[in-house]
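Below: one structure, written as C-alpha cells.
The values are calculated or read from the model by the stated rules, or taken from the named source; none is laboratory data. Predicted model, so just to flag it, every value in this text is computed and none were measured. Glycine also receives a Cβ, built like all others from the backbone with ideal geometry; neighbour counts cover every protein chain displayed.
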Amino acid sequence: MQHAPYWLVVVLLMVGFYTMIASANLVKRLIGLGVFQVAVFFLYILLAKVRGGTAPILEEGIALYSNPLPHVLILTAIVVSVATTALGLALVVRIYHAYGSMDEDELVQHDNEVESALAARDARVLQAPRKAESS
C-alpha cells in the first residue's frame, strides 16, 4: 500500500501517453497531454514529501523540514500547463475553421490532395510553353 501513489502516477502517465499517441483527434491529444502533465506534477509532489517533516519555519525543537522548492516549481509548471493547453485549444479552433476537421488523418489527406493538385498545376504550367513552341 506504500507504493500505491507511485502506481497511480505510472497509470496516469501511461493513459496520458497512450491518448496522445493513439488518438487522431487533436482535442483528445490535448486531454492526453493534460493527464500526462498531471501525472508528472503528482510525481514531483510525491517525491518532495518528507515523512515527519514540517513547513520550513524555524522553531525550536523541529529538526526535519520539507523542501518547499518542488511545490513552487509545480505551481509554475501548472501555469505553463494551462498556457500550453489554452494555446493548443486556440490552434485547434483555428485548424477546425481552416480545414473543417480536428482529425489528423483528414488533415494529412487534405494537405496531400492540395499538394498533388499544386504539383499537377505546376506540371501543366511548365509544359504549356513547350506546346506553343512546337506548333
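For the criterion of being in contact with a Leu (Cβ under 8 Å, 6 or more places away or on another chain), assigned by TED's automatic domain parsing to the domain that holds residue 10 and loosely packed, with under 15 Cβ neighbours inside 10 Å, residue 61 fails. Here residue 38 fulfils each of the conditions (1) loosely packed, with under 14 Cβ neighbours inside 10 Å; (2) among the hydrophobic types (A, V, I, L, M, F, W, C); (3) outside any loop (DSSP other than H, G, I, E, B) apart from (1). Of the residues making up segment 8-20, those that are more than 17 Å from residue 85 (Cα to Cα) and either in contact with a Gly (Cβ under 9 Å, 6 or more places away or on another chain) or not assigned by TED's automatic domain parsing to the domain that holds residue 96 (or both) number 2. Scanning segment 14-30 for residues that are in a helix (DSSP H, G or I) and either surrounded by fewer than 18 Cβ atoms within 10 Å (Cβ to Cβ) or hydroxyl-bearing (Ser, Thr, Tyr) (or both) gives 14, 15, 17, 18, 19, 20, 21, 22, 27, 28.
Do the conditions hold for residue 73, that is, is it within 29 Å of residue 9 (Cβ to Cβ), out of contact with any Gly (no Cβ under 7 Å at 6 or more places or on another chain), surrounded by 10 or more Cβ atoms within 10 Å (Cβ to Cβ) and without any contact (Cβ under 8 Å) to a residue 12 or more places away in the chain? No; evaluated as a whole, the condition is false for this residue.
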